[in-house]
Amino acid sequence: MGEVTFNWTIGKYDYFTKAEFLGGVATATSWKRPRGIVEIQKALIALTEDNQYVVLPYANVRSREANTDGAIGLAVIGTMMEPDNEAIMPEYWFDMSEVTEAGS
């Protein structure tokens, strides 16, 4: 099937967001890069332009700082992985009409 990925760039972010995607230690006024190899896994949810939610329950996330239009952003790639729990599928698609607000 090929590799299933989400790709995006975060243009304006704080140190805590930077740590979420690059690892390291963040405070309100600083960020420190971690030593060694950092592995980050997250559940990812995207909304397409035609109102479809795409869910990757288990994704490996790689990030780097990228210069775009004269500014530095966080370029992020989330790659679908096979969840350890066999009851969870690696990818889901839902029409927006099926999704309700939390607590509804």
Worksheet item: Condition test on residue 66, is it open to solvent by less than 90 Å² (accessible area, probe 1.4 Å), in contact with a Leu (Cβ under 8 Å, 6 or more places away or on another chain) and of a type in the set (Gly, Ala, Ser)?
Response: yes
Discussion item. Looking at the structure I just gave you, is residue 1 at pLDDT 95 or above and under 26 Å from residue 98 (Cβ atoms)?
Written reply: no
Worksheet item: Regarding residue 3, is this residue in contact (Cβ under 8 Å) with a residue 24 or more places away in the chain and open to solvent by 80 Å² or more (accessible area, probe 1.4 Å)?
Response: yes
Discussion item. Condition first: modelled with pLDDT of 95 or more and of a type in the set (Asp, Glu). Can you find one or more residues in region 96-103 that meet it?
Written reply: no
Discussion item. Could you check region 69-99 and list, in sequence order, the residues that are open to solvent by less than 80 Å² (accessible area, probe 1.4 Å) and under 22 Å from residue 17 (Cα atoms)?
Written reply: 70, 71, 73, 74, 75, 76, 77, 78, 79, 80
Worksheet item: Considering region 6-47 alone, what residues qualify as being in contact (Cβ under 8 Å) with a residue 40 or more places away in the chain, open to solvent by less than 50 Å² (accessible area, probe 1.4 Å) and part of a strand (DSSP E or B)?
Response: 6, 10, 46
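Matching residues to (1) under 28 Å from residue 90 (Cβ atoms); (2) in contact with a Gly (Cβ under 6 Å, 6 or more places away or on another chain); (3) among the aliphatic types (A, V, I, L, M):
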residue	(1), (2), (3)
21	yes, no, no
34	yes, yes, no
40	yes, no, yes
49	yes, no, no
57	yes, no, no
63	yes, no, no
74	yes, no, yes
77	yes, no, yes
Response to the item:
Selection from region 55-81 of residues part of a loop (DSSP other than H, G, I, E, B) and at pLDDT 95 or above yields 81
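The values are calculated or read from the model by the stated rules, or taken from the named source; none is laboratory data. A quick note: this is a predicted structure, and the numbers were derived from the prediction, not measured. Every residue, glycine as well, gets a Cβ built from its backbone with ideal geometry; the counts of neighbours run over all protein chains shown. What goes into the accessible areas is simple: the full protein's heavy atoms, side chains included, and nothing from ligands, DNA or RNA. Shrake-Rupley method; radii C 1.70, N 1.55, O 1.52, S 1.80 Å.
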